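Trainee: Just passing along the structure, written as structure tokens.
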Amino acid sequence: GWHPTTMTSILANLFTPANALIASRVESLRQTETDLIALAKQRFSPADLEHEIEVFDTDIPRAALRLSKTDVKCQINTVDEQDAHFVVHGVKVTKPSTTRDTAIASPLVILHGYMNGSLYFYRNLLGLARHFEAVYSLDQLGWGLSSRPDFDRVVPADGKSGNDDTCPIQASENFFVESLEAWRKANSIERMNLCGHSMGGYLGVAYAERYPQHVDRLILLSPVGVPEQDPEDPLSRPDIPLRLKVLFNTFRYLWSRGTTPGSFARSIPQSQARNMIDKYVEGRLPQVTCSNERQVLGDYLFHSAMLPGSGEFSLNRILKPGAYARKPTVSRIPNLAVGHVSFVYGQYDWMDCSGGLEVQRRCQDMHQAGKKVPQVDVFGISKAGHMLQIENWEETNNAIILATGGKLEDGAHLPGRFTEGVDEGEFFKGSRFRSSK
């Protein structure tokens, strides 16, 4: 039967002011960050590592973002619309000054993928800290605990086409690139090793294109948006069943309308949204076998997705349905004024390694023609898919260390290193969802 306290809690939930509800979710996300940092220290830290790991916020001036509107309210109560700044949140790992003599001088700065956050690298941060003077992992503007301005107001979807700042693609890139540049300035980092996962890889290329003087090396973990799309519509093939055509056309429609996984999760009852995220963690990350770790990771994704959406609405401005970029990076990376670019793919990655191999081939051809191009490496991580930083964190860390010119300890498990046509077909198996296990 009904109990008075049950009824009170239901009524309180129904009439909770939106701001109080958001504040409560922000607090839940902060607590989950603390839990992930505790996991990192307990289970994913080298035994002899003296480290300092802390979350921190950086104020960045709104005026730096090259946006058409800057007087937009931050939706998670970190700043007021009258404030002259937004906040970029992140986590940093630094080593005591006495142990910094063998570290790679330029810090490592990590950009997360779509609908993820800085602590999606909880398994990686402390292992990487041994090799760098500092490791930073950021919640990009519009995600995690960074400011979440109303994306539709700062980046209109119906801007002009072209290359100016009103173009939705260019304006979306500005949102992330200029906020990263403002963060770099505020933290007095002259040069960095920039590492981006998935969408963070695409945005890392966009940053290096505009600010190459601040990038030592660029590391792209299973980056989205590399290859050019086949001009033939995949749905025009006669062997595609009608059911799949209808499904994909519905998906295309929702994509064009700006529906995102986050907006869908927020539109259904919370219990269903939580169940959907738990099933995602269980299905996509079977390597997370500890129930407590799985719970905390689910908490992190859930609390982040439940906060008002912002950066997630860049999706259909930057990518076409099927995750092809509107401005593919295969033709942008060879023109970067950066010395080294490394691609890192999982053995069972749904992101096709042929994109990275094509960039490598183009750069080699341009180099032979006398042009100055980046040196391109392509690494493969065994027993991992798209979430390689969790699925095989040690080998992913080793790939990042090699990609930044570091040295590995004797006996370290080496990632594969590939060139087009040499063994990559034997190693890369494509997504587990497309191939037999």
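Trainee: Report the extension gain between ASN19 and LYS41 in nm, rounded to one decimal, defined as 0.36 nm multiplied by the number of residues separating them, less their alpha carbon distance.
Mentor: In short, 4.6 nm is gained.
Trainee: Continuing with the same structure: So which residue, out of SER137, SER118, SER291, gets the largest mean-square fluctuation from a GNM of the chain using Cα contacts under 10 Å as springs?
Mentor: Between SER137, SER118, SER291, it is SER291 that shows the largest mean-square fluctuation.
Trainee: For ALA384, enumerate residues with amide H under 5 Å from its amide H, sequence gap 5+ or separate chain, H modeled in the peptide plane.
Mentor: Under 5 Å from the amide H of ALA384: GLN347, TYR348.
Trainee: 5 Å is the cut-off here: which amide hydrogens, built 1.01 Å from N in the peptide plane, fall below it relative to PHE343, excluding neighbours closer than 5 in sequence?
Mentor: Under 5 Å from the amide H of PHE343 lie the amide H atoms of LEU220, ASP377, VAL378, PHE379, each far enough along the sequence or on another chain.
Trainee: Using r as the Cβ-Cβ distance of VAL26 and LYS320, and R0 as 25 Å, what FRET efficiency do you calculate, to the nearest 0.05?
Mentor: About 0.15, to the nearest 0.05.
Trainee: How much area per residue is accessible in the chain when the probe is 1.4 Å and only protein heavy atoms are counted (Å²)?
Mentor: Here the per-residue accessible area is 45 Å².
Trainee: Using the Cα centre as the reference, give the magnitude of the dipole from point charges on the C-beta atoms of the stretch 269-346 (Lys, Arg: +1; Asp, Glu: -1; all else neutral), rounded to the nearest 20 debye.
Mentor: The dipole of the stretch 269-346 has a size of about 460 debye.
Trainee: May I pose another question? Measuring from a point 7 Å past the Cα of LYS429 along Cα-to-C-beta, which residues in the stretch 348-365 have an amide N at less than 19 Å?
Mentor: Residues 348-354 fall inside that zone.
Trainee: Also: How much length would be gained if the chain were fully extended between ASP48 and ARG191, taking 0.36 nm per residue of separation minus their Cα-Cα distance, in nm to one decimal?
Mentor: 48.7 nm
Trainee: In whole Hz, with x marking every Gly and Pro, tabulate ³J(HN,Hα) for the stretch 82-93 from phi via Karplus 6.51 cos²θ - 1.76 cosθ + 1.60, θ = phi - 60°.
Mentor: Residue by residue, the stretch 82-93 yields 7, 5, 8, 9, 10, 10, 10, 9, x, 10, 10, 10 Hz.
Trainee: Scan [x] 18, 36, 27, 13, 4, 1, 0; [y] 22, 52, 25, 2; [z] 25, 60, 15, 1, 0 for the value of P(r) over Cα pairs in 20 Å bins from 0, in percent calculated from this model and give just the label.
Mentor: Matching the structure shown: [z].
Trainee: I'd like the Karplus ³J(HN,Hα) series for the stretch 327-339: coefficients 6.51, -1.76, 1.60, θ = phi - 60°, whole numbers in Hz, and an x wherever there's a Gly or Pro.
Mentor: Those phi angles translate into 10, x, 7, 4, 9, 9, 4, x, 9, 5, 8, 10, x Hz.
Trainee: Can you order the peptides 381-389, 193-201 by their average number of other Cβ atoms within 10 Å per residue, highest first?
Mentor: Top to bottom by mean Cβ count within 10 Å: 193-201, 381-389.
Trainee: Quick one: 3J(HN,Hα) in Hz for the stretch 365-381, Karplus 6.51/-1.76/1.60 with θ = phi - 60°, rounded, Gly and Pro as x.
Mentor: 5, 5, 5, 5, 7, x, 8, 7, 9, x, 7, 10, 10, 10, 10, x, 9
Trainee: Could you check the simple spin-label distance between ARG362 and ARG243, using points 7 Å along Cα→Cβ, in nm with one decimal?
Mentor: For the pair ARG362/ARG243, the computed spacing is 3.9 nm.
Trainee: Out of the total accessible area of the chain (probe 1.4 Å, heavy atoms of protein only), what percent is carbon and sulfur?
Mentor: 52
Trainee: Run the numbers for ALA84 and PHE264: contour at 0.36 nm per residue of separation, minus the present Cα-Cα distance, in nm.
Mentor: Numbers: separation 180, 0.36 × 180 = 64.80 nm, distance 3.19 nm.
Gain on stretching ALA84 to PHE264: 61.6 nm.
Trainee: Let me ask another. When only Cα pairs under 8 Å and 6 or more residues apart are kept, what is the percent relative contact order across the chain?
Mentor: 16
Trainee: Name the residues whose placed amide hydrogens come within less than 5 Å of the amide hydrogen of VAL215, ignoring near sequence neighbours (fewer than 5 apart) on the same chain.
Mentor: Amide H neighbours of VAL215, under 5 Å, 5+ apart: MET192.
The values are calculated or read from the model by the stated rules, or taken from the named source; none is laboratory data. Please read these numbers as outputs of a predicted model, since none were measured by experiment. So basically every Cβ, Gly included, is an ideal-geometry build from the backbone, and we count neighbours across all protein chains shown. Remember, those area values only see protein heavy atoms, side chains included, never the ligands or the DNA or RNA. Shrake-Rupley method; radii C 1.70, N 1.55, O 1.52, S 1.80 Å.
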